[in-house]
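S.K.: Sharing a structure here in structure tokens format.
The values are calculated or read from the model by the stated rules, or taken from the named source; none is laboratory data. This is a predicted model, so every value here is computed, not measured. With ideal geometry, Cβ positions are generated from the backbone for all residues, glycine too; neighbour counts draw on all protein chains shown. Please note that ligands, DNA and RNA were not included when accessible areas were found on the heavy atoms of the full protein model with its side chains. Shrake-Rupley method; radii C 1.70, N 1.55, O 1.52, S 1.80 Å.
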Amino acid sequence: MQNKQIVLNSRPAGMPTTENFRIEDVEIPQPKDGEVLVRTLYLSVDPYMRGRMNDRKSYIAPFALNEVIVGGGVAEVVESRDENFRAGDIVTGMLGWRLYSVAKASELRKIDPKLAPVTTALGVLGVTGLTAYFGLIDICNPQAGETVVVSGAAGAVGMTVCQLAKIRGCRVVGIAGSDEKNSYLTNELNVDTTINYKTEKVREALAAACPNGVDVYFDNVGGEISDAVLLLINKGARISICGQISMYNLERLDVGLRPQPLLLINSATMKGFILTDYAPRFAEAITQLSKWLAEGKLKYAENIIEGFENTPRAFLGLFAGENLGKQLVKVAEDSRQ
Ligand SMILES: NC(=O)c1ccc[n+]([C@@H]2O[C@H](COP(=O)([O-])OP(=O)(O)OC[C@H]3O[C@@H](n4cnc5c(N)ncnc54)[C@H](OP(=O)(O)O)[C@@H]3O)[C@@H](O)[C@H]2O)c1
């Protein structure tokens, strides 16, 4: 057995490149009491990881230079020194970008591969689904007949939000960066109208798509797209600030529309959130999302790149819009296959 890890080689200035990462050969660690040795099967790459590559205060500590990158993963237990796990169990948790890792048993969650494909633990039944659920249902409480606009609509969180809004009986307008993505949203997910922000004039297209204004805006991207949406909000609008991916690689803060007057005259609410704020309610949301998935009311798409060494490339692809749905890296087959 050979182990490898990917470390942060240098901090990105602006858009990250593969040079910011380095692959190293390392020893396979030995688990101690209360720990588990796992073999990585899938790694999740997520936009928020870009923020951790800056040496800046945020809601989570920065990655250290020359240290392993850490993110969500699914793995198979190889050796357990904890009574709750045994070899062959499939688990999820925050793992290093490593082929083999030692993790604290208390920080892993066992998943049942018979209930749903194991990759869903990183997507629709994991961070992605939970983010969509709380960001939309809890913050925006959309009502039947309302107009819901979703930016980053064909990404992992966005496509789940679109479907949850449809379940609530809303009219959904999705904004994404390609015609292929928008076709998926309308044909597969019943999104009512879509806008390709790369080829259309977003302000005009939004005004045409939202003749009755915007009641709910789920913001994954920020920047000029969000400015355009905010100009159309209705009285009592709710705006959920989930992500600002268009700004993650900016080297200087971008000052755009100042939304306070619009919020004021419309008695509107804008709320940012970090998923972990909702940790005590994760079980409730997973139960509901699993039910919708089993009933066929909720679909998901995955973009899976094969090969551990391609993990940085998969991460970079998020900023080029290469993914439809959840971006994952397949590192290894599990031993059942
Ligand atoms: N608040 C939380 O706790 C929380 C939790 C999870 C995720 N998030 C945030 O939610 C957002 C979506 O995350 P995700 O995991 O579902 O990623 P994702 O949407 O699956 O992937 C990122 C997508 O963003 C779009 N994008 C990239 N650069 C852009 C730009 N400059 N302008 C507009 N769109 C751009 C691309 O799609 P196009 O082809 O459409 O450009 C890309 O496919 C991110 O902002 C993320 O940080 C927040």
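S.K.: Antiparallel as a % of all DSSP beta bridges within the chain, to the nearest 5?
M.R.: 55 percent
S.K.: At a Cα cut-off below 17 Å, give the lysines reachable from Lys166, other chains included and same-chain residues fewer than 8 away excluded.
M.R.: Partners within reach: Lys291, Lys297, Lys299.
S.K.: Continuing with this model, one more query. With contacts defined as alpha carbon pairs under 8 Å and 6 or more residues apart, what's the relative contact order of the chain in percent? Please list the in-between numbers first.
M.R.: Working: 727 pairs, mean separation 58.5, N = 337.
Computed over the chain, the figure is 17 percent.
S.K.: Shifting gears a bit: Across all directions of projection, what mean area in square nanometres is found for the Cα convex hull of region 41-102? Walk me through the numbers on the way to the answer.
M.R.: Values: hull surface 19.9 nm².
That works out to 5.0 nm², a quarter of the Cα hull's surface.
S.K.: May I ask for the angle, rounded to the nearest 10°, between helix 282-294 and the longest principal axis of the chain, with both axes built from Cα atoms and the value confined to 0 to 90°?
M.R.: 80 degrees
S.K.: Another question about this same structure. List every residue whose amide H lies under 5 Å from the amide H of Asp89, counting only residues 5 or more places away in sequence or on a different chain, with H placed 1.01 Å from N in the peptide plane.
M.R.: Under 5 Å from the amide H of Asp89 lie the amide H atoms of Val77, each far enough along the sequence or on another chain.
S.K.: Taking the Cβ of Phe21 as the centre, find all other residues whose Cβ is under 11 Å away and add up their charges (Lys, Arg: +1; Asp, Glu: -1).
M.R.: Surrounding charge for Phe21 is -1.
S.K.: Which whole-number value in Å³ per residue fits the convex hull of the alpha carbons of region 294-337?
M.R.: 78 Å³
S.K.: What are the ³J(HN,Hα) values, in whole Hz, obtained from phi via the Karplus relation 6.51 cos²θ - 1.76 cosθ + 1.60 with θ = phi - 60°, for each residue of region 13-22 in sequence order, with x given for Gly and Pro?
M.R.: So the Karplus estimates, Gly and Pro as x, are 10, x, 5, x, 9, 5, 5, 6, 10, 9 Hz.
S.K.: Using a 10 Å Cβ count of at most 16 others and DSSP loop calls, identify the longest part of the chain lacking such trypsin sites (Lys or Arg not before Pro). Walk me through the intermediate numbers first.
M.R.: Numbers: sites that count: Lys32, Arg56, Lys57, Arg81, Arg86, Lys114, Lys198, Lys201, Arg252, Lys297, Lys299, Arg336.
Segment 115-197 is the longest.
S.K.: Provide the net charge surrounding Ala87, with neighbours chosen by a C-beta distance below 11 Å and charges set as Lys +1, Arg +1, Asp -1, Glu -1.
M.R.: -1
S.K.: I would also like to ask the following. Among Ile274, Ile23, Leu316, pick out the residue whose Cα is farthest towards the positive end of the charge dipole of the chain, where Lys and Arg carry +1 and Asp and Glu carry -1 on C-beta, about the Cα centre.
M.R.: Positive-most Cα among the choices belongs to Ile274.
S.K.: Tell me, which longest segment in the chain has none of the GluC sites (Glu not before Pro) that fall in DSSP loops with at most 16 further Cβ atoms within 10 Å? Each step should come with its number before you reach the end.
M.R.: On the way: sites that count: Glu27, Glu67, Glu83, Glu200, Glu251, Glu295, Glu322, Glu333.
Here the longest segment lacking exposed loop sites spans 84-199.
S.K.: Net charge near Leu298, counting Lys/Arg +1 and Asp/Glu -1 over other residues with Cβ under 15 Å of its Cβ?
M.R.: So the surrounding residues net to +3.
S.K.: In Å², and per residue, what accessible area does the chain have when probed at 1.4 Å with the other protein chains present?
M.R.: The answer is 47 Å² per residue.
S.K.: I need the phi-derived Karplus couplings for region 240-257: 6.51 cos²θ - 1.76 cosθ + 1.60, θ = phi - 60°, integer Hz, Gly and Pro marked x.
M.R.: 9, 8, 8, x, 9, 4, 5, 10, 5, 9, 6, 8, 10, 4, 9, 9, x, 4
S.K.: Quick check on the chain: helices-only [θ] at 222 nm, where DSSP H runs of length 4 and up contribute -39,500 (n - 2.57) each and the sum goes over total residues. Nearest 500, please.
M.R.: Helix contribution divided over all residues of the chain: -6000 deg cm²/dmol.
S.K.: Using the structure shown, select from Lys201/Lys326; Lys201/Lys235; Lys57/Lys271; Lys4/Lys32; Lys110/Lys181 the pairs with a Cα to Cα distance greater than 23 angstrom.
M.R.: The answer is Lys201/Lys326; Lys201/Lys235; Lys110/Lys181.
S.K.: Could I ask something else about it? Carbon and sulfur together cover what percent of the accessible area of the chain at a 1.4 Å probe radius? Before the final figure, lay out each step's value.
M.R.: Working: 7880 of 15720 Å².
Carbon-and-sulfur percentage of accessible area, whole number: 50.
S.K.: Please list, in chain and number order, the residues 5+ apart from Leu99 or on another chain whose amide H is under 5 Å from its amide H, with Hs placed from the backbone.
M.R.: Lys4
S.K.: Could you work out, for region 124-213, what percent of all Cα-Cα pairs fall into each 10 Å distance bin, beginning at 0 Å and stopping at the bin that holds the largest distance?
M.R.: Here the calculated profile for region 124-213 is 19, 52, 27, 2.
S.K.: In 10 Å bins starting at 0, how do the alpha-carbon pair distances of the chain split up by percent?
M.R.: Percent of pairs per bin, in order: 6, 25, 33, 24, 10, 3, 0.
S.K.: Please build a GNM for the chain, connecting alpha carbons under 10 Å apart, and tell me which residue among Ala320, Ala103, Ala228 fluctuates the most.
M.R.: Taking springs between Cα atoms under 10 Å, the residue moving most is Ala320.
S.K.: Here is a follow-up. Taking every pair of Cα atoms in region 1-110, average 1/r, invert it to obtain the Kirkwood radius, and report Rg/Rh to two decimals.
M.R.: When Rh is taken as the Kirkwood radius, the ratio is 1.00.
S.K.: Just need the relative contact order of region 97-213 here, percent rounded to a whole number, with Cα pairs under 8 Å and 6+ apart.
M.R.: 18 percent
S.K.: Now for a different question. Taking each pair of different alpha-carbon atoms in region 154-260 once, compute 1/r for the pair, average those values, and report the inverse of that mean as the Kirkwood hydrodynamic radius in Å to one decimal.
M.R.: Numbers: mean 1/r = 0.0702 Å⁻¹.
For region 154-260, inverting the mean 1/r across all distinct Cα pairs yields 14.2 Å.
S.K.: Using alpha carbon centroids, what distance separates region 26-94 and region 281-301, in Å?
M.R.: Their Cα centres are 25 Å away from one another.
S.K.: Now, a different point. Find the Cα radius of gyration of region 105-164, compare it with 2.2 N^0.38 Å by division, and give the number to two decimals.
M.R.: Region 105-164 yields a ratio of 1.32.
S.K.: Report the Rg/Rh value for region 240-337, based on alpha-carbon coordinates and the Kirkwood definition of Rh.
M.R.: Ratio of gyration radius to Kirkwood radius for region 240-337: 1.06.
S.K.: Percent of Cα-Cα pairs per 5 Å bin, from 0 to the last occupied bin, for region 55-153, please list those.
M.R.: Result returned by the calculation: 2, 10, 16, 17, 16, 14, 11, 8, 4, 2, 0.
S.K.: Still on this structure, please answer the following. Report the label-to-label distance for Arg281 and Lys4 in nanometres (one decimal), using points 7 Å from each Cα along the Cα→Cβ vector.
M.R.: Output for this residue pair reads 4.2 nm.
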